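The values are calculated or read from the model by the stated rules, or taken from the named source; none is laboratory data. Note that the structure is a prediction, hence the values are computed from the model and not measured. Using ideal geometry, Cβ is built from the backbone for each residue, glycine included, and neighbour counts are taken over all protein chains shown.
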Amino acid sequence: MSQAAASTPPAAAAPAEAGAATLQRLRAGELAGASRLDLSAGLDEFPREIFGLADTLEVLNLSGNALRSLPDDLHRLHRLRVLFCSDNRFEAVPEAIGRCASLEMVAFKANRIARVPAAALPPLLRWLILTDNLIESLPAALGQRPRLQKLMLAGNRLRSLPAEMAACRALELVRISANAFEALPEWLPALPRLSWLAFAGNPFDSASEAAAMRAQAPAIDWQRLSIAQRLGEGASGVIHRADWSQADGSRRPVAVKLFKGAVTSDGWPRSEMAACLGAGAHPALIEVLGRVAGHPEGSEGLVLDLVDPEYRNLAGPPSLASCSRDVYPPDAHWTTRTALKLARGIASAVAQLHARGLMHGDMYGHNILWNGRGEGLLGDFGAASFLPPDDAARSLALQRIETRAFGCLLEELLAHAVPDDAADADEAALRAALARWQARCLDERPEARPVFAEIVRGLDDCAEAAGL
């Protein structure tokens, strides 16, 4: 399964010894000219030697220290674009960063932050990560940051967002899961570019989540699972290959995902588990075979169909530079017909999710596994949320947010599509038809976008016309 990448994390925190060595090199002047500095060394004070890099430093990663403050003259780092201060001891976002004229990305995940002063918001802010803190309110000035594209607020104590944020017309990704919202902000679905939204684990969403957790899924005894190698680890849990002992004595290869308890950038792991249970079976979804029962440490988990190893991630997650868009390898290419086949499968899966009262929330190429021939699997339900069962109009508005995400995917698939050996007028017609669907899905008037049932019918018509 693919891993969540709603944000691009900093480089992994170095061991204490490596951090101390980096600090020593910094103080010796050996890092002159560096554009990036990763410094995790148990710091409780900002090393003033960092200012010696003022003319070159663009990315500063101070995550994994014991910092409570930053110097008032931080703006001397006049080229600084990215600042990571996660896993420290800040109780407020420092106002000093608001004076950093070039700063675009700010991350203060997993601190003790209760206050976000208006003065702490840099003028060019594009990407703000405040996940897993103690924040109860945000300043109205956030609505005065027109370049803001990604806002990650899961795991706080928010009950609302400033109404002034309706002016954030560039906002594309919002994570407000695991907070205290009694309702979604009315203006949120009307944002013209919003494409990826996660809101599970709030009071207004609790009934749907609880119902999904009660969904029928066979209990699979932990003692019948022989855990083998680790296949991957994401923010919400660890995935292992395993063998499941069957009643007839045979052993079925499966994948087992054991969930962690801590809040992630997307929200609570239990919300992901509820969404997986509610998704249902579909050829373009990884099948849930059952729930883990009797884990010796009480961990919750799911037993999943083991994905064929020929499947790989369609794309890589967004980078610091791309912000909200996936990064594809330079050699990524496929035919237009293959792009259509993949798009049809994913659209059909999302249509089923919507029909079952779910939105995926993170429909990206990096969350799609595919085999290179057009068959794909949409994975990673960490950002999934439940649609309001008693508000049809709001449900449709939320579905159309996901329509824009699909438009982004179509745009990327077409950007890497090349004519096949039998390219002809039909090929050009197919590309033109897909481009029209892309444009409709990306319409900045949310109410004008098609819902997925219509998208599936349209792609089916494209496939028939192409002889697929």
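Things to note:
- Residues in segment 360-369 that are surrounded by 24 or more Cβ atoms within 10 Å (Cβ to Cβ) and hydrophobic (A, V, I, L, M, F, W, C) were compared, and the one that is nearest to Ser271 (Cα to Cα) is Met363.
- First in segment 83-94 and under 11 Å from Leu67 (Cβ atoms), second anywhere and assigned to a strand (DSSP E or B), Cβ under 6 Å, 6 or more apart: Ser86/Ala107
- Check on Asp380, buried (at least 24 other Cβ atoms within 10 Å of the Cβ), farther than 14 Å from Cys408 by Cα and at pLDDT below 95: yes
- Of all residues assigned to segment 418-426, none qualifies as being at pLDDT 95 or above and out of contact with any strand residue (DSSP E or B) (no Cβ under 8 Å at 6 or more places or on another chain).
- Of all the residues in segment 14-70, those that are in a loop (DSSP other than H, G, I, E, B), in contact with a Pro (Cβ under 8 Å, 6 or more places away or on another chain) and over 15 Å from Ser86 (Cβ atoms) number 2.
- Number of residues in segment 267-320 that are touching a Cys at 6+ places or on another chain (Cβ under 9 Å) and part of a loop (DSSP other than H, G, I, E, B) equals 1.
- Residues that are charged (D, E, K, R) and either part of a loop (DSSP other than H, G, I, E, B) or modelled with pLDDT of 95 or more (or both) are absent from segment 197-211 altogether.
- Of all positions in segment 403-415, at least one carries a residue that is in contact with a strand residue (DSSP E or B) (Cβ under 7 Å, 6 or more places away or on another chain), farther than 14 Å from Leu340 by Cα and either modelled with pLDDT of 95 or more or of a type outside the set (Gly, Ala, Ser) (or both).
- Ala393 within 26 Å of the chain's Cα centre (by Cα) and closer than 16 Å to Trp196 by Cα: no
- Test: Leu353 is crowded, with 18+ Cβ neighbours inside 10 Å, touching a residue at least 24 places away in the same chain (Cβ under 8 Å) and either in the same structural domain as Glu272 (by TED's automatic domain parsing) or under 17 Å from the mean Cα position of the chain (by Cα) (or both): no
- Boolean, Leu398 is within 27 Å of Phe259 (Cβ to Cβ), of a type outside the set (D, E, K, R) and either outside any helix (DSSP H, G or I) or touching a Ser or Thr at 6+ places or on another chain (Cβ under 7 Å) (or both): no
- Residue in segment 387-396 that is within 23 Å of Pro283 (Cα to Cα) and surrounded by 20 or more Cβ atoms within 10 Å (Cβ to Cβ) present: yes
- The sole residue among Ala34, Ala28, Ala66 that is modelled with pLDDT of 95 or more and surrounded by fewer than 14 Cβ atoms within 10 Å (Cβ to Cβ) is Ala66.
- Residues that are surrounded by 19 or more Cβ atoms within 10 Å (Cβ to Cβ) and touching a Leu at 6+ places or on another chain (Cβ under 8 Å), drawn from segment 85-95: Cys85, Asn88, Phe90, Val93, Pro94
- Selection from segment 417-449 of residues that are touching a Phe, Trp or Tyr at 6+ places or on another chain (Cβ under 8 Å), surrounded by 17 or more Cβ atoms within 10 Å (Cβ to Cβ) and either not in a helix (DSSP H, G or I) or not assigned by TED's automatic domain parsing to the domain that holds Ser395 (or both): Ala417
- Residues considered: Leu184, Leu158, Leu171. Of these, the only one that is within 30 Å of Asp390 (Cβ to Cβ) and surrounded by 23 or more Cβ atoms within 10 Å (Cβ to Cβ) is Leu171.
- Residue match in segment 162-174 (condition: in the same structural domain as Leu74 (by TED's automatic domain parsing) and within 21 Å of Ser69 (Cα to Cα)): no
Here's the yes/no breakdown for (1) in a loop (DSSP other than H, G, I, E, B); (2) within 20 Å of the chain's Cα centre (by Cα); (3) assigned by TED's automatic domain parsing to the domain that holds Ser271:
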position	(1), (2), (3)
Ser177	yes, yes, no
Glu182	yes, no, no
Pro192	yes, yes, no
Ser226	no, no, yes
Arg241	no, no, yes
Asp248	yes, no, yes
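- Once segment 317-350 is narrowed to residues that are without any contact (Cβ under 8 Å) to a residue 60 or more places away in the chain and under 24 Å from Trp437 (Cα atoms), the residue that is surrounded by the most Cβ atoms within 10 Å (Cβ to Cβ) is Val327.
- Taking the conditions (1) out of contact with any Asp or Glu (no Cβ under 8 Å at 6 or more places or on another chain); (2) at pLDDT 95 or above; (3) on the phi < 0 side of the Ramachandran plot; (4) not polar (S, T, N, Q) in turn, Val82 satisfies each one other than (1).
- Selection from segment 71-84 of residues that are crowded, with 20+ Cβ neighbours inside 10 Å and in a loop (DSSP other than H, G, I, E, B): Leu77, Leu80, Arg81
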